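Asker: Here it is: the structure, laid out below.
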Amino acid sequence: MDTGTEFIVGMARAATDGAQAAEGGGHGGYIEHHLTNWTFGEGFLAVNLDTMIMSIATGLAVVLFGRFLQGRITEGAPDGIQNFMEMIVEFVNKNVDDNFPGHNPIVAPIAITVFLWIFLMNFFDIVPVDLVPGIAESLGADSFRAVATADVNVPMGMALVIFLLTMFYSFKTKGTEFALEFLTHPFGKFLFPINIVMKTVEELAKPLSLGLRLFGNLFAGELIYLLIAFLIPWWLHWLGGLPWTLLHLLVIVLQAFIFMILSIVYLAMAVSSEH
């Protein structure tokens, strides 16, 4: 076993033993410990420091990777990394072209940022559940959750940004027509009180479904890994978690794609007239 593998295994084992000892070794205690955020402050003003650290770190990783790749771009004979990123950019641009009418200079950048950022945050869901928390807690954190998208604040925060953009472009593109939709859609102008309620629910359902879908899938994945980690010995975690990891690889990519494509669709709906 090489040094890197020994370090990972040793840290995972130490973190597992430490968490179980701190929580009395109980099943519920172990899971509760791993689902507790490292928080600063109390109540509404509380900040989940682990979520902030992981979301900012992954965001910086996307930006720095882009800057690194920018300096390596070559014409005619791109290397493997450039080819891979060009495939992603073409994939995103095709989805934008297929779903967004006309041209808007910010839609494609938003789409690719959303896709890469969410994917990278999701990726930590397949990292051994005790590894990152074990390192963070050894450095002084009370507890640490490595998957930022499993904290409802991140998916809902991103969904809120998309919602505000759709509202902005709806008013910018349609003007008073968009306001009239609240009075006349879907039952006509004579039932405008009901229309206002229905249209408001329709608009609010978009960010709620967008954020909660991502949160629910990643939280469930995190919980399953915790159950696997608790129920089997630490040295069999890789074997017990392998089938779920293979399936979850698809989930983390699919959830990033779904969030991206729905963001494009909602922005497209914002600039399209009702028929």
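The values are calculated or read from the model by the stated rules, or taken from the named source; none is laboratory data. This is a predicted model, so every value here is computed, not measured. So basically every Cβ, Gly included, is an ideal-geometry build from the backbone, and we count neighbours across all protein chains shown.
Asker: Could you tell me whether segment 94-106 includes any residue that is closer than 16 Å to Ala256 by Cα, surrounded by 12 or more Cβ atoms within 10 Å (Cβ to Cβ) and out of contact with any Lys or Arg (no Cβ under 7 Å at 6 or more places or on another chain)?
Answerer: Yes, segment 94-106 has at least one match.
Conditions tested, residue by residue: (1) within 18 Å of Pro128 (Cβ to Cβ); (2) within 19 Å of the chain's Cα centre (by Cα).
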{"site": "Phe163", "(1), (2)": "no, yes"}
{"site": "Thr173", "(1), (2)": "no, no"}
{"site": "Lys199", "(1), (2)": "no, no"}
{"site": "Leu212", "(1), (2)": "no, yes"}
{"site": "Gly216", "(1), (2)": "no, yes"}
{"site": "Leu223", "(1), (2)": "yes, yes"}
{"site": "Pro243", "(1), (2)": "yes, no"}
{"site": "Phe259", "(1), (2)": "no, yes"}
{"site": "Leu262", "(1), (2)": "no, yes"}
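Asker: What number of residues in segment 173-202 are of a type outside the set (Val, Ile, Thr) and in contact (Cβ under 8 Å) with a residue 12 or more places away in the chain?
Answerer: Qualifying residue count, segment 173-202: 10.
Asker: Test Pro155 against the criterion of being assigned to a helix (DSSP H, G or I), at negative phi and either in contact (Cβ under 8 Å) with a residue 24 or more places away in the chain or hydroxyl-bearing (Ser, Thr, Tyr) (or both), and give yes or no.
Answerer: So Pro155 fits the description; yes.
Asker: Let me ask something additional. Can you name every residue in segment 36-57 that is more than 17 Å from the chain's Cα centre (by Cα) and closer than 18 Å to Glu222 by Cα?
Answerer: Residues satisfying the conditions are Thr36, Trp38.
Asker: Still on this structure: With respect to Thr74, is the statement that it is under 21 Å from the mean Cα position of the chain (by Cα) and either surrounded by 14 or more Cβ atoms within 10 Å (Cβ to Cβ) or not small (Gly, Ala, Ser) (or both) true?
Answerer: No.
Asker: Against the condition out of contact with any Phe, Trp or Tyr (no Cβ under 8 Å at 6 or more places or on another chain) and of a type in the set (S, T, N, Q), how does Thr176 come out, does it pass?
Answerer: Yes.
Asker: Let me ask another. Taking the criterion of being touching a Phe, Trp or Tyr at 6+ places or on another chain (Cβ under 6 Å) and assigned to a helix (DSSP H, G or I), would at least one residue in segment 64-74 satisfy it?
Answerer: No; the residues of segment 64-74 include none that is touching a Phe, Trp or Tyr at 6+ places or on another chain (Cβ under 6 Å) and assigned to a helix (DSSP H, G or I).
Asker: Here are some residues: Leu69, Leu49, Leu64. Which one is among the hydrophobic types (A, V, I, L, M, F, W, C) and over 19 Å from Phe119 (Cβ atoms)?
Answerer: Checking each option against the conditions leaves just Leu49.
Asker: Separate question: Where the second residue is among the basic types (Lys, Arg) and the first is within 13 Å of Phe144 (Cα to Cα) and lies in segment 46-75, which pairs have Cβ atoms under 9 Å and are six or more apart or on separate chains?
Answerer: Pairs found: Asn48/Arg145; Asp50/Arg145; Thr51/Arg145; Met54/Arg145.
Asker: Here is a further query. Do you know which residues across segment 55-108 are small (Gly, Ala, Ser) and at pLDDT below 90?
Answerer: Gly66, Gly71, Gly76, Ala77, Gly80, Gly102
Asker: Which of the residues belonging to segment 87-116 are free of Cβ contacts under 8 Å to residues at least 12 places away in the same chain and closer than 19 Å to Ile252 by Cα?
Answerer: Scanning segment 87-116 gives Met87, Phe91.
Asker: Give the residues of segment 128-182 that are surrounded by 16 or more Cβ atoms within 10 Å (Cβ to Cβ) and charged (D, E, K, R), sorted by residue number.
Answerer: If the condition is that a residue be surrounded by 16 or more Cβ atoms within 10 Å (Cβ to Cβ) and charged (D, E, K, R), then Asp130, Glu137, Arg145, Asp151, Lys174, Glu181 are the ones that fit.
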